[in-house]
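Everything below concerns the one structure shown next.
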Amino acid sequence: MTHSPSYQPPRKTLLIPAQLEWFQTSETHKLIVDYIEALNESVIGAKLSDNVEESPSVKAILSILNRVEEIAKATPPVENSSSRFGNPAFRTFYDTVSEACQASTTLHEEIPSLPREAIPEVSVYFNEAWGNRSRIDYGSGMELNFLCWLICLQRLGVLQETDYKALVIRVFWRYIQVMRILQSAYWLEPAGSHGVWGLDDYHFLPFLWGSAQLRGHKYIRPKSVHDPEIVEEYAKEYIYFACIQFINSIKTASLRWHSPMLDDISAVKTWDKVNQGMIKMYKAEVMNKLPVMQHFLFGSIIQYTGPPPPSNADFANDAHAGHVHPHLHLPSANIGLTRSDDHDLGGAGQKEVGWGDCCGIPVPSAFGAARAEQDKLTAGGALRSAPGTGLVGKGIRPVPFD
């Protein structure tokens with residue numbers, strides 16, 4: 001267990017290329033990569049149904065994730081049918097989770113052995129793991145925040161190496177399940193360029209650790225993702241196939257058209273090579289991309305000791321620092337978040353201006369696109385029937401298929 005005796009709220013620091021270059025050879029970079037690889041090794045050959053010991057800390061984390069799901073189900077999306085973009089109700093969900101972390105009896109107090117004085121720092125990573133409040137989007141940077149939350153708990157002695165397998169097939173998989181509810185209920189926009197570093201618009205790590213589960217499998221090959229029956233059968237046991245099943249449930253046509261990167265990966269001969277390639281790709285396309293890493297948060301537990309950021313304080317605190325967006329956004333001093341909707345014109349209702357290469361481009365969610373397709377199909381008559389079953393649950397609108 002190593003951590004600073006003086007906790008501090010995490011903040012963004014990697015704002016210019018020189019800082020990102022330093023980060024690539026830093027101890028923090030090594031810490032994150034080593035943790036990803038350690039979790040990766042722990043689930044080689046594992047199934048989601050495997051019996052795995054859940055420590056008191058793991059059970060507490062699962063309880064917290066269940067509570068987040070309850071908050072989401074108690075915060076249904078508002079009427080926003082005229083827009084294909086994020087639903088404003090997400091901000092209410094985000095604020096409720098944030099308040100639950102800041103209350104006198106916080107969510108984090110359920111975690112055994114977690115120092116109370118560390119909660120304000122640790123909870124920031126947790127809050128930012130659910131999406132961006134102002135833009136109503138989600139991407140691999142937010143997914144990385146959840147990983148950093150686990151790293152913080154590990155460095156504080158809450159989690160141990162013996163928890164690694166449970167952290168992937170229980171905790172992380174539960175997190176993904178909750179995120180699917182948020183993505184489908186609030187139509188979270190995919191953060192970043194479409195399909196570049198989010199293999200299914202939103203996530204990366206499920207494919208990385210999911211391919212580790214399949215390493216050495218006697219029968220299943222990477223090309224099996226094109227067989228609907230195999231996908232359906234093995235989605236219950238393997239995260240990779242569960243993700244493919246999710247993609248197929250909300251998008252039409254084949255992987256070749258809507259997920260070309262996954263289609264290319266399916267041509268790789270073995271899961272060992274897929275898994276190794278995923279790790280290399282994560283380091284290159286997530287941890288070495290400034291549009292992602294400029295939102296990375298450093299504090300006393302996950303530290304930054306490199307070149308100083310630009311001297312302009314507003315630049316460091318602006319959620320969109322380092323690049324320009326088509327909508328107005330005024331800087332805030334609260335970890336780069338705009339807490340007042342009066343000064344936030346991003347997210348729902350913004351005008352589509354085309355593709356871009358930064359985190360705030362207005363790309364509609366697959367759910368919003370599906371609704372738009374439904375409107376086209378129903379404009380002149382009955383909706384054509386289609387195979388597949390959409391996501392269900394309180395506050396989740398049905399996703400149509402064609």
The residue that is nearest to Ile44 (Cα to Cα), considering only those in segment 263-285 that are under 18 Å from the mean Cα position of the chain (by Cα) and surrounded by 19 or more Cβ atoms within 10 Å (Cβ to Cβ), is Met278
Among residues of segment 37-62 being in contact with a Phe, Trp or Tyr (Cβ under 7 Å, 6 or more places away or on another chain) and open to solvent by less than 30 Å² (accessible area, probe 1.4 Å), the residue nearest to Leu159 (Cα to Cα) is Leu39
Note on segment 1-25: residues of a type outside the set (D, E, K, R) and within 22 Å of Ala118 (Cβ to Cβ) are Met1, Thr2, His3, Ser4, Pro5, Ser6, Tyr7, Gln8, Pro9, Pro10, Thr13
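Return yes or no: is Arg84 in contact (Cβ under 8 Å) with a residue 24 or more places away in the chain and not in a helix (DSSP H, G or I)?
Taking the combined requirement at face value, the residue satisfies it.
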Test: residue in segment 161-169 that is outside any helix (DSSP H, G or I) and either in contact with a Leu (Cβ under 8 Å, 6 or more places away or on another chain) or more than 17 Å from Ala242 (Cα to Cα) (or both)
no
Of those in segment 223-258 that are open to solvent by less than 80 Å² (accessible area, probe 1.4 Å) and outside any helix (DSSP H, G or I), the residue nearest to Gln183 (Cα to Cα) is Lys251
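May I ask you to verify whether Val78 is open to solvent by 30 Å² or more (accessible area, probe 1.4 Å) and either under 23 Å from Ala191 (Cβ atoms) or touching an Asp or Glu at 6+ places or on another chain (Cβ under 7 Å) (or both)?
Yes, satisfied.
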With the first residue restricted to segment 36-62 and required to be basic (Lys, Arg), and the second required to be outside any helix (DSSP H, G or I), Cβ contacts under 9 Å at 6 or more apart or on different chains are Lys47/Lys236; Lys47/Glu237; Lys47/Tyr238
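Kindly provide the set of residues from segment 139-153 that are over 15 Å from Lys30 (Cα atoms) and either out of contact with any strand residue (DSSP E or B) (no Cβ under 7 Å at 6 or more places or on another chain) or in a helix (DSSP H, G or I) (or both), ordered by number.
Across segment 139-153, the qualifying residues are Ser140, Gly141, Met142, Glu143, Asn145, Phe146, Trp149, Leu150, Leu153.
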Expected single match for open to solvent by less than 10 Å² (accessible area, probe 1.4 Å) and either on the phi > 0 side of the Ramachandran plot or not in a helix (DSSP H, G or I) (or both) among Ser134, Ser113, Ser98 is Ser134
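Is one or more of the residues making up segment 186-202 in a helix (DSSP H, G or I) and either more than 11 Å from the chain's Cα centre (by Cα) or in contact (Cβ under 8 Å) with a residue 12 or more places away in the chain (or both)?
Let us first name the residues in segment 186-202 that are in a helix (DSSP H, G or I), namely 186.
Restricting the remaining residues to those that are either more than 11 Å from the chain's Cα centre (by Cα) or in contact (Cβ under 8 Å) with a residue 12 or more places away in the chain (or both) gives 186.
Scanning segment 186-202 turns up at least one residue that is in a helix (DSSP H, G or I) and either more than 11 Å from the chain's Cα centre (by Cα) or in contact (Cβ under 8 Å) with a residue 12 or more places away in the chain (or both).
Residue by residue through segment 55-87, note down the ones that are more than 23 Å from the chain's Cα centre (by Cα) and closer than 30 Å to Pro112 by Cβ.
Hits for segment 55-87 are Ser55, Pro56.
The values are calculated or read from the model by the stated rules, or taken from the named source; none is laboratory data. Keep in mind that what you see is a predicted model, and the values were worked out from it rather than measured. Ideal geometry is used to build each Cβ from the backbone, glycine not excepted, and the neighbour counts take in all protein chains shown. Side chains included, ligands, DNA and RNA excluded: accessible areas come from the protein's heavy atoms. Shrake-Rupley method; radii C 1.70, N 1.55, O 1.52, S 1.80 Å.
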